[in-house]
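S.K.: This is the structure I want to talk about, given as structure tokens.
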Amino acid sequence: MPTIHCYFLGTSQFTKDDQPLKLTKTKGIALLVYLAVERTTQTREQVMTLLWPDSLPQAARKNLRNTLWDIGKTFDEEVVEVDGDTLRLAESVWVDLRPFEDTPLTADSANIERLEEAVALYRAPLADGLSVLDAPDFELWLTTQQQRVGRHYLRLLDILIAAHRKTANWQGVITFAEQALAYDNLQEPMHQALMEAQAHLGERAKAVRQYDMLRAILEQELGVPPLPETESLRSAILNGHIQANPQSIATNSQRPTRKVAPTGSPFVGREAEQAALDEALQMATAGQARIVLLTGELGIGKSRLWQQWSATLPDSLTTLETRCLDNTQSLPFAPLTRLFSHSVCIQHFSQPNAPISPIWLAELTRLLPEIKELRPDLPEPSDLPPTEERGRLLEAFIQILRSLNGQTTILFIDDLHWADQATLDWLVYLLDRLRNESLLVVATYRVADAPAQLVHTVANWKREGQVHHLPLERLTLTEATQLINALGGNPALVEQLYTKSAGNPYFLIELNRAGPEDTPSALADLIRARFDRLSGATQQVLQAAAILEAEFDFETLRRTSGRGEEETLNALDDLLEAIVLTEVRGVYEFSHPLVAVVMREGLSAARRQFLHRRAGEALEAAHSTNVPAVAGQIAAHYAAANMPAPAARYAKMAGDHAMSLVAFTEAAMFYRQAYSLDPAPTRQMDLAEALSLTPGALDEARDTLQQALNVFEAENDKPNIVKACLMQAFSYLPSGEGDKIIAWVERALPHLESIADPAAEARAHFFLGAGGFRIGRSMSEAEAQFAEALRLAVEHDLSETAMNSWFELGNLNLQRGDFAKAREAFQQSLVLAQTKQNIYQEAICHNNLAYATLLAGDIEQARAHIEKGLDFAETHSLMLPRQYLYSTRGEIALAEEKLDEAEQWFLQAITEAEKFDNMVHAANVRANLALVARARGELDEALTLLDDVHHVVAGVTNPHLQTQVDLWLAELYAQRGEPDAAVQALTRAEEHLTSSPRRGLQAWAKRVRRLVQQTTTP
């Protein structure tokens, strides 16, 4: 049987029966690399998504078939086994990765030869030189795998060097140390091993030159001198005798164990603040949600107060703690992700019997993909309108809190001044949603650093009476004396230290720690003096920690610092013992944020840039399975490293991630960053989309789109001209400004004719129909546009456009008075919604089917449709459709003359509409309330309601609703015996209906005309 060999440890090479083969297509090589590395069976869908992300499904399938054919033709054998919808590399194919990765990682003599054979397989990075620019996810995957394989290579070399050093095989040490340095020349222990081996072999000059080379590399790359251990080794070599290298080389791939960090500082004073917290807790326990804000300057003891007070809380209370970080304040929901991503929390609410609905868990997988690993049975998050998606995500976090067992829930959020907008929005939602439940929120922030949105939010809480503000004052002299005594300080120095610290507890503690001989007047100088007492390696690790601030794990810190495991571990132990860092569940952070600030400010610009680059690379490697979640941090590091290209790429990824979390403010910020780093007009389109969904930013979105469009037109970039124009048209759809919708589509049409883009063409026809329909143009013309959109949608499998076109045709036929056609169209839209599993559209279709059936006079069937819609919305926890479902249910009750029931449904509908700022629909429902009042004979109340509605709808483009309101007013004025007012209202309605095909409204206007004539006839 022919023998096929695949060599991927370097440039990809292939042989068959020892004869070289040439696979020319990049995607073919990429596919083989992917299957070889992953080893397990892969689905076609996974491969197509990875290698052809921008292709339509049909095109991607064709590309994959062609690639498989090309591979088969090259090898003249089945190298890739295809079984239905799955692919795998044939077992008969030999791949260099397998012996390289499967060799046991032991240093026993029997395994040394296998280790050396494995190392010899590594020629260069995995699939070196392979680039698939149109498959960014594959590029990211390959980079991650190259780093992983490279780490394994270094690990093998580590083991071999240790084994040869143990047996005094110094030539072996040189061989493998040189290979390690060829891979990463910043590994100082490898330089030490090389120097030691050269000295043992009598090559002292080479050893000293190796030291000089190391010193030059460290100065150029890191801006630091060699470690003292290296200096000692150099001295020993120069003096003619060799000392044992005190730096052992770690060979354990797991993070070594470490010492436990010491406990915190004493606590004095704050009795009044603790009493206020007790009072707030009593109110929360009684069912009144409260928020307590602890404010004060840096070092005043806000977090320490919380720690002291919360330590005594009974176990019956559920206490949750999180914090906002300076370097994550642009990441949506970062504090909540941090809070609920701990394994204990994930395990709790991911159990099959957890008291939380799968609907909410599915929503949380957007932020916490770990849940999906524990609950693979969960459905995918639903594709919903942005407003609905945002509401569901906010509610999902509420449901988590409710699923926790405890009489009262206490949520602590530290450093709220660094909260992202999405988290602030959730806090507002939380305190409103659980207003009458047992909830206490305690938050700290610095007033001087509070952004405008936090100041505004706090002001609203104060107006609503939910907040208790506790500003923390500096310590009195008496309290300072108590603190110094508790710390074991010198009582004679209390007044001196108190004066220097001005009563700031943190400064006071640091001054006491420094001692009387070292008491600089500035806190920053005091902290720098502490740094000077640390070893060189520890300072380098601390510099990396300051760049990563505020939270980081061991591996990320090690990678950023460029130090080995033992070096990093020893430095961590020193920093924990010095209370510079603290550790919680394997995550490290600074004991006080000022420490990180002082360290960062002391770094040179070149050093900061270098460490930021390494931090970006470390985060890439640490989060390779979920890079989008930390893309914003990676972008910030690369931007600070003066690497605009990767910074822009990750900023774009962070913006996309924020969009998936409907965090539009954060998305816009990242897209702005991407554009500033790489000012391409396509990035402005991303920004415009985010701005168009951000409250109050629609005009800026349109201006941004216009700027991009100007560039596209100057470059005659027809596809993007069309895209930008259609985006502009879409922005006017919610407000019903049909003339502007049409104008933007018409601007796109000349360019659309010269490009093959059926999806854009279908959308253009849809917008033309929707625009004309909304401003009362010919219904036949609008119908023709929808029909053409449908034709293209069916021909090119554009199910969303087809679904929306059927729905608009239903609305058009409703206004035309053809209720049978309307029901047929809504039914078609419903079927497509069910096929696409678009639960929002499904609920809306049930609503409109009920409304069309009601207008057709079939009340029983209308009630059946609306009950189905209400049940569906409840089952799927949909919020946005309820405003429409409730109002239609009210109209059915009104038709049945159940006035009280109708009123209750209408009031609920208004409440829901106002939640989503849908003032037009709220006005429409108030018009129905006026009909209830009229039916009761409460004509004054009815007139007041209709007058208010008339003023609201006069300012919008909705001729159908405006006509309805005028006809209701005409009827009411006639009923009240006010013929002149009735004639005025009727005349306005008839003007709207001039040449209108709205047969239902035409017939209604004729009935009202007869009624008005009867009231004016003597």
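The values are calculated or read from the model by the stated rules, or taken from the named source; none is laboratory data. For clarity, every value in this text was computed on a predicted model and none was experimentally measured. Here Cβ is always computed from backbone atoms with ideal geometry, including for glycine, and neighbour counts include all displayed protein chains.
S.K.: Assuming Thr457 fulfils every condition listed in (1) over 21 Å from Ser877 (Cβ atoms); (2) at pLDDT below 85; (3) out of contact with any strand residue (DSSP E or B) (no Cβ under 8 Å at 6 or more places or on another chain); (4) not small (Gly, Ala, Ser) apart from one, which condition is it?
M.R.: (2)
S.K.: Looking at the range 48-127, what helices (runs of 4 or more DSSP H) fall wholly within it and have at least 3 residues that are in contact (Cβ under 8 Å) with a residue 24 or more places away in the chain and β-branched (Val, Ile, Thr)?
M.R.: Passing ranges, in order: 57-75.
S.K.: So Leu880 clears everything in (1) in a helix (DSSP H, G or I); (2) surrounded by 19 or more Cβ atoms within 10 Å (Cβ to Cβ) except one condition, right? Which one?
M.R.: Condition (1) is where Leu880 drops out.
S.K.: Still on this model: Can you tell me which residue within the range 386-412, out of those that are of a type in the set (Val, Ile, Thr) and touching a Phe, Trp or Tyr at 6+ places or on another chain (Cβ under 9 Å), is farthest from Trp360 (Cα to Cα)?
M.R.: Here the residue is Thr387.
S.K.: Another question, if that's okay. On the basis of being at pLDDT 85 or above, out of contact with any Lys or Arg (no Cβ under 7 Å at 6 or more places or on another chain), among the hydrophobic types (A, V, I, L, M, F, W, C) and surrounded by 18 or more Cβ atoms within 10 Å (Cβ to Cβ), does Leu305 make the cut?
M.R.: Numbers: at pLDDT 85 or above: yes; out of contact with any Lys or Arg (no Cβ under 7 Å at 6 or more places or on another chain): no; among the hydrophobic types (A, V, I, L, M, F, W, C): yes; surrounded by 18 or more Cβ atoms within 10 Å (Cβ to Cβ): yes.
The answer is no for Leu305.
S.K.: Something else: Suppose the filter is surrounded by fewer than 19 Cβ atoms within 10 Å (Cβ to Cβ), touching a helix residue (DSSP H, G or I) at 6+ places or on another chain (Cβ under 8 Å), among the polar types (S, T, N, Q) and not in a helix (DSSP H, G or I); does Ser735 pass it?
M.R.: no
S.K.: Right, another one. Here's a check for you: in the range 989-1016, which residue that is more than 18 Å from Ala856 (Cα to Cα), modelled with pLDDT of 75 or more and under 50 Å from the mean Cα position of the chain (by Cα) is surrounded by the most Cβ atoms within 10 Å (Cβ to Cβ)?
M.R.: Ala989
S.K.: Quick one: which of Phe730, Phe767 is crowded, with 23+ Cβ neighbours inside 10 Å and of a type outside the set (Asp, Glu)?
M.R.: Result of the check over Phe730, Phe767: Phe767.
S.K.: Pick from Ala118, Ala127: which is among the small types (Gly, Ala, Ser), modelled with pLDDT of 90 or more, surrounded by 15 or more Cβ atoms within 10 Å (Cβ to Cβ) and over 17 Å from Ala30 (Cα atoms)?
M.R.: Ala118
S.K.: Go through the range 166-187 and give me each residue that's touching a residue at least 40 places away in the same chain (Cβ under 8 Å) and either crowded, with 23+ Cβ neighbours inside 10 Å or among the β-branched types (Val, Ile, Thr) (or both).
M.R.: Phe176
S.K.: When the range 457-492 is examined, which residues are found to be in a helix (DSSP H, G or I) and surrounded by fewer than 16 Cβ atoms within 10 Å (Cβ to Cβ)?
M.R.: Selection gives Ala459, Asn460, Lys462, Arg463, Leu477, Thr478, Asn485, Ala486, Pro491, Ala492.
S.K.: Answer with yes or no whether Leu89 is in the same structural domain as Gln42 (by TED's automatic domain parsing), of a type outside the set (Gly, Ala, Ser) and closer than 21 Å to Pro20 by Cα.
M.R.: yes
S.K.: While we're here: Could you list, in sequence order, the residues of the range 393-421 that are assigned to a helix (DSSP H, G or I) and either touching a Pro at 6+ places or on another chain (Cβ under 6 Å) or more than 11 Å from Phe340 (Cβ to Cβ) (or both)?
M.R.: Leu393, Leu394, Glu395, Ile398, Gln399, Arg402, Ser403, Leu416, His417, Trp418, Gln421
S.K.: Here are some conditions: (1) modelled with pLDDT of 85 or more; (2) closer than 19 Å to Arg614 by Cα. Gln220 meets all but one. Which one does it not meet?
M.R.: (1)
S.K.: For the range 904-935, give me the residue count where each residue is in contact with a Leu (Cβ under 7 Å, 6 or more places away or on another chain) and either closer than 22 Å to Asp966 by Cβ or at pLDDT 95 or above (or both).
M.R.: Selection size over the range 904-935: 12.
S.K.: Tell me, which residue of the range 537-552 that is of a type in the set (Val, Ile, Thr) and buried (at least 24 other Cβ atoms within 10 Å of the Cβ) is nearest to Ala571 (Cα to Cα)?
M.R.: Here the answer is Val541.
S.K.: Specify which of the listed residues (Glu808, Glu761) is in contact (Cβ under 8 Å) with a residue 40 or more places away in the chain, assigned to a helix (DSSP H, G or I), crowded, with 21+ Cβ neighbours inside 10 Å and not hydrophobic (A, V, I, L, M, F, W, C).
M.R.: Criteria check complete, one pass: Glu808.
S.K.: Touching a residue at least 12 places away in the same chain (Cβ under 8 Å), under 21 Å from Pro228 (Cβ atoms), surrounded by fewer than 22 Cβ atoms within 10 Å (Cβ to Cβ) and among the hydrophobic types (A, V, I, L, M, F, W, C): is that true of Leu154 in this structure?
M.R.: Considered against the rule, which asks whether it is touching a residue at least 12 places away in the same chain (Cβ under 8 Å), under 21 Å from Pro228 (Cβ atoms), surrounded by fewer than 22 Cβ atoms within 10 Å (Cβ to Cβ) and among the hydrophobic types (A, V, I, L, M, F, W, C), Leu154 comes out as no.
S.K.: Only one of Val627, Val541, Val587, Val580 is hydrophobic (A, V, I, L, M, F, W, C), over 30 Å from Gln145 (Cα atoms) and in contact (Cβ under 8 Å) with a residue 12 or more places away in the chain; which? Walk me through it before giving the result.
M.R.: On the way: Val627 fails: over 30 Å from Gln145 (Cα atoms); Val541 fails: over 30 Å from Gln145 (Cα atoms); Val587 fails: over 30 Å from Gln145 (Cα atoms).
Going through Val627, Val541, Val587, Val580 in turn, just one is hydrophobic (A, V, I, L, M, F, W, C), over 30 Å from Gln145 (Cα atoms) and in contact (Cβ under 8 Å) with a residue 12 or more places away in the chain: Val580.
S.K.: Ala396 is checked against (1) surrounded by 22 or more Cβ atoms within 10 Å (Cβ to Cβ); (2) under 20 Å from the mean Cα position of the chain (by Cα); (3) in contact (Cβ under 8 Å) with a residue 60 or more places away in the chain and fails just one. What number does that condition carry?
M.R.: All conditions pass for Ala396, except number (3).
S.K.: If Gly696 satisfies every condition in (1) farther than 22 Å from Phe333 by Cα; (2) surrounded by fewer than 24 Cβ atoms within 10 Å (Cβ to Cβ) but one, which is the exception?
M.R.: (1)
S.K.: If you take just the helices (runs of 4 or more DSSP H) that sit entirely in the range 592-690, which of them hold at least 1 residues that are closer than 26 Å to Pro369 by Cβ?
M.R.: 605-622, 631-640, 644-660, 664-677
Matching residues to (1) under 28 Å from Leu693 (Cα atoms); (2) not β-branched (Val, Ile, Thr):
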| position | (1), (2) |
| --- | --- |
| Ala629 | yes, yes |
| Gly632 | yes, yes |
| Ala636 | yes, yes |
| Ala641 | no, yes |
| Lys652 | yes, yes |
| Met659 | yes, yes |
| Thr665 | yes, no |
| Met669 | yes, yes |
| Arg672 | yes, yes |
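S.K.: Cβ-Cβ under 8 Å, sequence separation 6+ or interchain: first residue in the range 453-479 and in the same structural domain as Leu427 (by TED's automatic domain parsing) and aromatic (Phe, Trp, Tyr), partner surrounded by 14 or more Cβ atoms within 10 Å (Cβ to Cβ) and modelled with pLDDT of 85 or more. Which pairs?
M.R.: Taking only residues 6 or more apart or on different chains, the pairs are Trp461/Ile291; Trp461/Leu431; Trp461/Val467.
S.K.: Those residues that are over 29 Å from the mean Cα position of the chain (by Cα) and within 26 Å of Ser799 (Cβ to Cβ), I need them from the range 33-71; list them, please.
M.R.: Scanning the range 33-71 gives Gln58, Ala59, Arg61, Lys62, Asn63, Leu64, Arg65.
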